[in-house]
Amino acid sequence: MLNVAVVGSGPAGLYAAEALVKQAAALPVPVPVRVDVIDRLPTPYGLVRYGVAPDHKSIKSIAQYLRKVLESPGVRFVGGVHLGEDVTRDDLLAAYDAVIYATGAMRDRRLGIPGEDLPGSYAATDFVNWYCGHPDMDAGAFTLDAESVAVIGVGNVAVDVARILARDPGELDSTDVPQPVLEALHASKVREVHMIGRRGPAHAKFTTKELRELGELPGVEVVVHADEADLNAFDGAGEGAALADSDRRVRGNLVAITKWAQDGGAPPASTGHARRLTVRFWLRPVEILGTERVGGITLERTAISADGAFGGTGEFETLDAQMVLRSVGYQSVPLPGVPFDSRASVVPNALGRVLGEDGSPLPGEYVAGWLKRGPTGVIGTNKSDAAETVRCLLEDLAGGPGEGDTALPRAGLLRYPDAAGPAGPAAPAETWPLDSVLAGRGITPVSYDEWLRIETAETDLAKALGRGERVKLHNAEAIWSACRPSAD
């Protein structure tokens, strides 16, 4: 029996659990596997639950796929257990044959400019956590009393944030947004949203689908300054034009951006729209202005010179804004005791094998997802990433395919083993590896059945409020009360 702990129940962790069960059963000599999926929260699914915008229901449906992983033979959800507080790295390595770290990237990158810590200046991650109902966030954290908001960044997270700010909140009534958050959105005074990128439209990281959605928002005018949409205006090296020639995504983005640029000079009052969303390029923030709270932001025009050097031009403008949300990337944080490359903000690894200080793989330690490769790719990227890590793990510990052998198909093409098949029936809870350690510390992990109580409570709340299929419980106290009502 191969016992594995996966730390993190987001897409990377659950795709790793799926790959473990399916690939081990598909080996020439099947290997039975038991997987504990450990998460510090009492709720699974990570970024799918707390990072995907509520109006993106098709992406949130990935949770139904991940649910099947947690319900598969040999997999157990171990919620409410925090690595570094409740258990240590040494505890895990002593209890399991292998550990896969898959905790994602939870910290935002800072701008590093004056005024960044003024009231009204926030990380976009905090705003996302707020409207997604993350238990670490107070439901009253944002009041949205700003009329103008600057969102720094032009990736998909920035697009999500800008869209939620600009969208008619009535369109969110049927989503799973927590009720206090929905009420705050209905009371929002935001009328202008500015999304700002340091480089040009060809360099922006958003995907075409997300970008086009901005132009489909009822009552929202989307505009781009015509000169900033011109690929050659601030790009003396022709980098943007080269990207447009080679990348279909860039070409798709430029179609939408060019359309919006046609009317970019019209004043907001003349359009009849309730809100305006302006997408800006070739500007970098140099200072957030204000004394007691944010009152504006100073931006410097940027450009690429003929020799390919990127930098500021010395031309500045000031934008009125009472809120600034920075969305310039995520970073993973170190896990207690686990090797960490502070420059790249990842766990040093070779194909998912964790490397020690001498560059050699550490026995039994593996990594997957953003903690492995950095915050790149989409949710589905984690599936192939996890499969690579698991192939290495099985090669090391279970006689899996070695170098030069035919790799196993990705987990999505394999079947789960039957409960009575190679993996055998799920063992009684008391025989799982970490239970004695947790019991000795008075910690009772959240089970999958207890998580289902939270799901039921959210479904019941939606019915009571007349809102869609589910409404998220809005704080940690409500979540724990639903999970363990007898603890009240």
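The values are calculated or read from the model by the stated rules, or taken from the named source; none is laboratory data. Quick caveat: nothing in here was measured; it's all calculated off a predicted structure. Here the Cβ is made from the backbone with ideal geometry for all residues, glycine too, and neighbour counts use every protein chain on show. All accessible areas refer to the heavy atoms of the entire protein, side chains included, with ligands and DNA or RNA removed. Shrake-Rupley method; radii C 1.70, N 1.55, O 1.52, S 1.80 Å.
A 1.4 Å probe, protein heavy atoms only, puts the accessible area of Glu85 near 140 Å².
Please list, by residue number, every one of the trypsin sites (Lys or Arg not before Pro) in the range 93-140 that is coil in DSSP and has at most 15 other beta-carbon atoms within 10 Å. Show your work: numbers first, answer last.
Numbers: sites: Arg107, Arg109, Arg110; in loops: Arg109, Arg110.
Of the trypsin sites (Lys or Arg not before Pro), the ones in loops of the range 93-140 whose Cβ has at most 15 other Cβ atoms within 10 Å are Arg110.
The mean sequence separation of alpha-carbon pairs under 8 Å and at least six residues apart, normalised by the residue count of the chain, gives a relative contact order of 23 percent.
Put simply, when 135-142, 398-405, 204-211 are sorted by average Cβ atoms within 10 angstrom per residue, most first, you get 204-211, 135-142, 398-405. Scanning residues 5 or more positions from Asp341 or on other chains, those with amide H under 5 Å from its amide H are Val346, Val347, with H placed 1.01 Å from N in the peptide plane.
Can you divide the C-alpha Rg of the range 341-399 by 2.2 N^0.38 Å and report the result to two decimal places? Please list the in-between numbers first.
Working: Rg = 11.5 Å, N = 59, 2.2 N^0.38 = 10.4 Å.
After normalising by residue count via 2.2 N^0.38 Å, the value is 1.11.
Express in whole angstrom the spacing between the alpha-carbon centres of the range 103-159 and the range 1-67. Measuring centre to centre over Cα atoms gives 27 Å. Beta bridges assigned by DSSP with both partners in the chain are antiparallel in approximately 35 percent of cases. Debye-formula intensities of the range 276-381, expressed as log10 I(q)/I(0) at q = 0.10, 0.19, 0.25 Å⁻¹, are -0.53, -0.94, -1.27 (one equal scatterer per alpha-carbon, no solvent).
Based on the reciprocal of the average 1/r between different C-alpha atoms, the Kirkwood radius for the range 1-143 equals 16.9 Å. Full extension of the chain between Glu469 and Arg107 gives 127.3 nm of extra length, using 0.36 nm per residue less the Cα-Cα distance.
Can you list the DSSP H helices in the chain whose Cα atoms extend at least 24 Å along the helix axis and whose mean Kyte-Doolittle hydropathy is -0.5 or higher?
Helices passing the filter in the chain: 381-397, 448-465.
So how many Å³ per residue does the convex hull of the Cα atoms of the chain work out to?
Details: hull volume 82.1 nm³, N = 488.
Given the Cα convex hull of the chain, per-residue volume reads 168 Å³.
Overall, the accessible surface of the chain at a probe of 1.4 angstrom is composed of carbon and sulfur to the extent of 51 percent. Within the shell of other residues whose beta carbon sits under 15 angstrom from the beta carbon of Glu395, the net charge comes to -4, with Lys and Arg scored +1 and Asp and Glu -1. For the residue pairs Lys259/Lys472; Lys68/Lys189; Lys57/Lys383; Lys189/Lys472; Lys22/Lys205; Lys209/Lys383, the alpha carbons lie more than 31 Å apart in Lys259/Lys472; Lys68/Lys189; Lys22/Lys205.
Per residue, how large is the accessible surface of the chain? Use a 1.4 angstrom probe and give square angstrom.
Value for the chain: 42 Å² per residue.
For the range 428-488, count all C-alpha to C-alpha pairs, find those more than 19 Å apart, and express that count as a whole percent of the total. Working shown, then result.
Working: 790 of 1830 pairs.
The proportion of pairs with Cα distances above 19 Å equals 43 percent.
Evaluating 6.51 cos²θ - 1.76 cosθ + 1.60 at θ = phi - 60° for every residue in the range 288-299, the Karplus couplings come out as 9, 9, x, 10, 8, 7, 4, x, x, 8, 8, 10 Hz, glycine and proline recorded as x. Packing-based ranking of 222-229, 121-128, 242-249 yields 121-128, 222-229, 242-249, ordered from highest to lowest mean Cβ neighbour count within 10 Å.
Close amide H pairs (under 5 Å, H built 1.01 Å from N) link Val7 with Ile38, Ile100, Tyr101, Ala102, residues at least 5 positions away or on another chain.
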